[in-house]
Amino acid sequence: MKFDLHVHSSYSDDSDISPKDIIRTAEKIGLDGLAFLDHNTLEGYLSAKDIETDIIIVPAMEVSTMSGHIMALGVQEEIEAGLPVEETITRIKEQGALSVAVHPFRIVSGLGEKTVRENEWDAIEGMNGRCSKSNNTQSRKLAAELGVPTTGGSDSHRMESIGTAYTVLEDIEGWEDTIKEIKKGNTDVGGRSRTFSENLFYFRRTLSRWIKRGFKRI
């Protein structure tokens with residue numbers, strides 16, 4: 001089964017695609033599951049979970065910490081943004097959810113290797129559709145060194161990139177099983193990294209939005 005565990009909807013300030021359109025696109029391309037990883041909010045998941053579909057919707061959000069972004073996979077209540085990494089991880093675990101270091105080698109919003117090594121993770125994102133091939137390779141190598149599972153997701157902010165990277169899981173019946181299987185390490189990743197043309201588009205847009213935010217992280 002293929003799960004895109006990193007999709008941004010219109011509930012993120014840097015995406016304008018609705019949860020319904022994301023789900024319908026995921027159905028067309030044959031995905032089995034999704035995680036709406038909107039920035040510092042569960043609204044994407046809350047909106048999507050009531051849409052009629054056979055696709056498994058995993059509750060999730062992308063939390064901005066003092067040092068970079070963390071995937072909170074399986075949370076039912078929002079995690080406050082702007083906290084230290086260790087406290088953010090603690091709050092995620094208190095909900096029985098998974099803390100995943102997403103795109104750790106990304107300059108603007110990644111945690112960085114040192115921070116990842118200094119904390120305990122349930123998984124590391126080993127395939128991100130908006131990261132370079134070298135970044136994804138580094139992430140998988142780090143996960144192997146730390147002995148933690150990997151996840152994959154497109155990090156899509158546009159309809160056409162949904163499903164370009166994904167997590168591979170065995171047959172499961174609900175989102176709770178997704179959490180269990182990742183905890184057990186029963187995952188693989190697939191898809192592709194960012195292309196050269198996407199590199200140019202990404203850097204232009206990232207720089208523009210970073211300047212507009214006053215050089216602040218999301």
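The values are calculated or read from the model by the stated rules, or taken from the named source; none is laboratory data. Every value quoted in this text rests on a predicted model; they were computed, and no experiment measured them. With ideal geometry, Cβ positions are generated from the backbone for all residues, glycine too; neighbour counts draw on all protein chains shown.
Just the residues that are under 20 Å from V108 (Cβ atoms) and assigned to a loop (DSSP other than H, G, I, E, B), please, taken from region 65-94. Give the derivation first.
In the first step, residues of region 65-94 are kept if they are under 20 Å from V108 (Cβ atoms); the result is 65-72, 81-85, 88.
Once the filter is applied, which keeps residues that are under 20 Å from V108 (Cβ atoms) and assigned to a loop (DSSP other than H, G, I, E, B), region 65-94 yields T65, M66, S67, G68, A81, G82, L83, P84.
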*Subset of region 31-47 [surrounded by fewer than 24 Cβ atoms within 10 Å (Cβ to Cβ), aliphatic (A, V, I, L, M) and in contact (Cβ under 8 Å) with a residue 24 or more places away in the chain]*: L31, L42
_Single residue of I23, I55 found to be touching a Gly at 6+ places or on another chain (Cβ under 9 Å) and farther than 25 Å from R117 by Cβ_ = I55
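Return the only residue of T41, T53 being within 21 Å of P19 (Cβ to Cβ), of a type in the set (V, I, T), in contact with a strand residue (DSSP E or B) (Cβ under 7 Å, 6 or more places away or on another chain) and part of a loop (DSSP other than H, G, I, E, B).
Numbers: T53 fails: in contact with a strand residue (DSSP E or B) (Cβ under 7 Å, 6 or more places away or on another chain).
It is T41.
With the requirement that a residue be in contact (Cβ under 8 Å) with a residue 60 or more places away in the chain and surrounded by 20 or more Cβ atoms within 10 Å (Cβ to Cβ), what does region 139-160 give you?
Applying the first criterion (in contact (Cβ under 8 Å) with a residue 60 or more places away in the chain) to region 139-160 yields 151-159.
Selection gives T151, G152, G153, S154, D155, S156.
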_Answer from I218, I172 - the residue that is at pLDDT below 90, outside any helix (DSSP H, G or I) and of a type in the set (A, V, I, L, M)_ = I218
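Looking only at region 1-38, count how many residues are in contact with a Ser or Thr (Cβ under 7 Å, 6 or more places away or on another chain), part of a loop (DSSP other than H, G, I, E, B) and closer than 21 Å to Q76 by Cβ.
4
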*Assuming E78 fulfils every condition listed in (1) closer than 22 Å to L142 by Cα; (2) acidic (D, E); (3) surrounded by fewer than 23 Cβ atoms within 10 Å (Cβ to Cβ) apart from one, which condition is it?*
(1)
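If I filter region 117-134 down to residues being farther than 16 Å from A72 by Cβ and over 15 Å from the mean Cα position of the chain (by Cα), which single residue comes out as surrounded by the most Cβ atoms within 10 Å (Cβ to Cβ)?
Filtering region 117-134 down to residues farther than 16 Å from A72 by Cβ leaves 117-118, 126-134.
Narrowing further to those that are over 15 Å from the mean Cα position of the chain (by Cα): 117-118, 132-134.
On the way: R117: 13, E118: 12, S132: 18, K133: 12, S134: 10.
Out of the qualifying residues, it is S132.
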*Just need a number here: residues in region 97-142 that are touching a strand residue (DSSP E or B) at 6+ places or on another chain (Cβ under 9 Å), part of a loop (DSSP other than H, G, I, E, B) and not aromatic (F, W, Y).*
14
